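What follows is a set of notes on a single structure, which appears directly below.
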Amino acid sequence: MGGYALLICRSQTEAIGLRRHLARLGVPGEVTRPPRHERTESCGWAVRVSAQQADWAVHRLRQLGVPPCRVLRED
């Protein structure tokens, strides 16, 4: 199974912080802009992670109290 998931964030600062949390958890991520159709005024940045690690990463981020706005899965 390939692909990736975008963990949508409210700001660039939040996305950078999320990427740092993920790195501490051993999940590599890249700060990026989500596709235009997925952006809102309050959610314009994302962290791209492997689709295989996305569910576990989101679960751990929720435990830490820093969940993303939403998750966009891409194949």
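Bear in mind these aren't lab numbers, they're just calculated from the coordinates by the rules spelled out. Note that this is a predicted model, so its numbers are computed, not measured. Cβ: placed from backbone, ideal geometry, glycine included. Neighbour counts: every protein chain shown.
Using label points projected 7 Å from each Cα along Cα→Cβ, tell me how many nm separate residue 36 and residue 50, to one decimal.
So the label points at residue 36 and residue 50 sit 3.3 nm apart.
Taking the number of other C-beta atoms within 10 Å as the exposure measure, put 56, 45 in order starting with the fewest.
Going from least to most buried by this count: 56, 45.
How much length would be gained if the chain were fully extended between residue 25 and residue 13, taking 0.36 nm per residue of separation minus their Cα-Cα distance, in nm to one decimal?
Difference between extended and current length: 2.4 nm.
Compute the whole-percent fraction of alpha carbon pairs in the chain spaced more than 21 Å apart.
15 percent
Work out the charge dipole of the chain with +1 on the Cβ of Lys and Arg and -1 on the Cβ of Asp and Glu about the Cα centre, then indicate which of 51, 12, 28 is farthest towards its positive end.
Toward the positive end, the furthest listed residue is 12.
Could you check which residue among 36, 48, 20 shows the biggest mean-square fluctuation in a GNM of the chain with a 10 Å Cα cutoff?
In the Gaussian network model the winner is 36.
Given the -39500 (n - 2.57) contribution per DSSP H run of 4+ residues, what per-residue ellipticity at 222 nm results for the chain, rounded to the nearest 500 deg cm²/dmol?
-11500 deg cm²/dmol
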